[in-house]
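S.K.: A single structure is presented below for examination.
The values are calculated or read from the model by the stated rules, or taken from the named source; none is laboratory data. Worth saying up front: this structure is predicted, and the values here are computed from it rather than measured. Virtual Cβ from ideal backbone geometry, glycine too; neighbours counted across all protein chains shown.
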Number of protein chains: 2
Amino acid sequence: MNKPVQQRTLKTRARLIDAANAVVAEAGFDALRVEQVVAGAGVAKGTFFAHFKDKDALMDLLIGARIDSYLDQIESAPTPRDVDDLIETLMPLLNFMTCERYVFDVILRLSGAAAVEQIGAIAMTFERHAQVVAKWLADGPFRTDVSPELLAEGVHAFSIQAMALKFCALHNSQTLTENLRPYLRAWLMPQPAS
Amino acid sequence: MNKPVQQRTLKTRARLIDAANAVVAEAGFDALRVEQVVAGAGVAKGTFFAHFKDKDALMDLLIGARIDSYLDQIESAPTPRDVDDLIETLMPLLNFMTCERYVFDVILRLSGAAAVEQIGAIAMTFERHAQVVAKWLADGPFRTDVSPELLAEGVHAFSIQAMALKFCALHNSQTLTENLRPYLRAWLMPQPAS
DNA sequence: GCCAATAAGTGACCGCGGTCAATTTTGGAG
DNA sequence: CTCCAAAATTGACCGCGGTCACTTATTGGC
């Protein structure tokens, strides 16, 4: 039984990821060029694509890792007591997801995997996000006529909506928080007329 | 005062759009190549970009026009009496928006204009969509504790969510309609526990 | 009808993501 | 140690969106 993966492979992969992180730190995600990454890692272009299916796969890794670290923070935060509390807890993540237009686009594009066998880091974080939020919503002072899972999916949908508005010239006069609050109030604590 | 736009310009533009529509009819939006469009129109590549800022601008026009025609149908439909009725009325539009993964991506990307002066066709249709739905929701048997405008934005957010799930391997076992129904029931007709 | 001034059109060229046949490196079998 | 098949790497090449200095057509003033 062969050692299935060589040491060299791991080293090259690490060099590519390090180089990519350096480029991102320097110039942001949108400015990342594959040629720059391979130059920084000291390998040929083809090597990059032997390690990553395409540029999106690298972005999935880089962005997914950061989302995951935000989720770590979120998971260790206390259960929010109301909508404002919930929003405040989510804000670091939402701010990261909208730090660049390009980042938001990549996240939307990769948040659903086309096939089960190619679920990426970002798609995983979305599952995790839903679970964390659902657990909160089951405990909190929110509506109980629908399942916490459905509520969490709604929080997700409205977060996407609010983030999209941030990039829209017609609606970006309000902050993300201000956009999100009325949605979540109406979603989580409805007061329908009798 | 000069005639600001020449006849030739309109003719070339029309030829480009015709050629683009022919390509789309033949092979779909995703397969459209600028080189194929200019070949079909009998002009040089540079001419294309004198008429459209980029390929997305052409897509905005083509896709926006189709969305608009679906909105015409929707607008002339009777006010929906319940959630299922609403979904059925919206379905032709939602089906078109998810006819190709590429089309959905373009719509998401162009649904918010980065600057007011460059609001495109798709962004316009989203405004129109919100107005049509808001008018319906004001009349129908739906919750009244929040404004019809906010309700309409929610319908939009959940529609996007349901469409995204259609492209997601983890959640595409249900149809778009089945995904959308529980969201809209919970959003438009909440029954919170007393 | 002629002549600038301006608008429209051209195509060679570039940037960058992605491919692949050829080459080098690796690690275990004999 | 030698050999070799699989794994890793290479870099020339391609596809395609987008640019721009230059050419060609149009139009209003004389």
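S.K.: May I ask you to say which residue of A:PRO190, A:PRO182 is in a helix (DSSP H, G or I), under 17 Å from B:VAL146 (Cβ atoms) and of a type outside the set (A, V, I, L, M)?
M.R.: A:PRO182
S.K.: Does B:ALA162 satisfy the condition of being in contact with a Ser or Thr (Cβ under 9 Å, 6 or more places away or on another chain) and either facing chain A (nearest Cβ under 7 Å) or of a type in the set (A, V, I, L, M) (or both)?
M.R.: It is true that B:ALA162 is in contact with a Ser or Thr (Cβ under 9 Å, 6 or more places away or on another chain) and either facing chain A (nearest Cβ under 7 Å) or of a type in the set (A, V, I, L, M) (or both).
Results for (1) surrounded by fewer than 18 Cβ atoms within 10 Å (Cβ to Cβ); (2) more than 13 Å from A:VAL83 (Cβ to Cβ); (3) within 12 Å of chain B (Cβ to nearest Cβ); (4) touching a helix residue (DSSP H, G or I) at 6+ places or on another chain (Cβ under 9 Å), shown as yes or no for each residue.
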position	(1), (2), (3), (4)
A:THR144	yes, yes, yes, yes
A:GLU149	yes, yes, yes, yes
A:GLU153	no, yes, yes, yes
A:ALA157	no, yes, yes, yes
A:HIS171	yes, yes, yes, yes
A:THR175	yes, yes, no, yes
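S.K.: Inspect all residues belonging to the range B:49-59 and state whether any of them is under 23 Å from B:SER159 (Cβ atoms) and aliphatic (A, V, I, L, M).
M.R.: Checked the range B:49-59: at least one residue is under 23 Å from B:SER159 (Cβ atoms) and aliphatic (A, V, I, L, M).
Results for (1) touching a residue at least 12 places away in the same chain (Cβ under 8 Å); (2) crowded, with 17+ Cβ neighbours inside 10 Å; (3) more than 14 Å from chain A (Cβ to nearest Cβ); (4) away from DNA strand C (no atom under 12 Å from the Cβ), shown as yes or no for each residue.
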residue: B:GLN7; (1), (2), (3), (4): no, no, yes, no
residue: B:THR12; (1), (2), (3), (4): yes, yes, yes, no
residue: B:ALA19; (1), (2), (3), (4): yes, yes, yes, yes
residue: B:ALA27; (1), (2), (3), (4): no, no, yes, yes
residue: B:VAL43; (1), (2), (3), (4): yes, yes, yes, no
residue: B:MET91; (1), (2), (3), (4): yes, no, yes, yes
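S.K.: Would the range A:68-75 turn up any residue that is in contact (Cβ under 8 Å) with a residue 40 or more places away in the chain and under 10 Å from the mean Cα position of the chain (by Cα)?
M.R.: Taking every residue of the range A:68-75 in turn, at least one turns out to be in contact (Cβ under 8 Å) with a residue 40 or more places away in the chain and under 10 Å from the mean Cα position of the chain (by Cα).
S.K.: Let me ask something else. Within the range B:12-58, which residues are more than 10 Å from DNA strand D (Cβ to nearest atom) and either within 21 Å of the chain's Cα centre (by Cα) or within 20 Å of B:ARG101 (Cβ to Cβ) (or both)?
M.R.: Correct list: B:ILE17, B:ASP18, B:ALA20, B:ASN21, B:ALA22, B:VAL23, B:VAL24, B:ALA25, B:GLU26, B:ALA27, B:GLY28, B:PHE29.
S.K.: Here's something else I'd like to know. Can you report the number of residues in the range B:104-123 which are surrounded by fewer than 20 Cβ atoms within 10 Å (Cβ to Cβ) and more than 10 Å from chain A (Cβ to nearest Cβ)?
M.R.: Count: 2.
S.K.: Of all the helices (runs of 4 or more DSSP H) wholly in the range A:1-53, which have at least 3 residues that are at pLDDT below 95?
M.R.: Because the criterion is at least 3 residues that are at pLDDT below 95, the helices (runs of 4 or more DSSP H) in the range A:1-53 that meet it are A:7-27.
S.K.: Here's another thing I want to ask about it. Kindly establish whether A:ARG128 is within 27 Å of A:ARG185 (Cβ to Cβ), within 14 Å of another protein chain (Cβ to nearest Cβ) and not polar (S, T, N, Q).
M.R.: The answer is yes for A:ARG128.
S.K.: Quick check, is A:PRO80 more than 16 Å from DNA strand D (Cβ to nearest atom), assigned to a loop (DSSP other than H, G, I, E, B) and assigned by TED's automatic domain parsing to the domain that holds A:ILE160? Full working, then the answer.
M.R.: Values: more than 16 Å from DNA strand D (Cβ to nearest atom): yes; assigned to a loop (DSSP other than H, G, I, E, B): yes; assigned by TED's automatic domain parsing to the domain that holds A:ILE160: yes.
In short, yes.
S.K.: Given the residues B:ARG143, B:ARG109, which is the only one that is in a helix (DSSP H, G or I) and more than 9 Å from the chain's Cα centre (by Cα)?
M.R.: The conditions single out B:ARG109.
S.K.: A further question follows. If the requirement is being touching a helix residue (DSSP H, G or I) at 6+ places or on another chain (Cβ under 7 Å), under 30 Å from A:ALA31 (Cα atoms) and of a type in the set (Val, Ile, Thr), which of these qualifies: A:THR89, A:THR79?
M.R.: A:THR89
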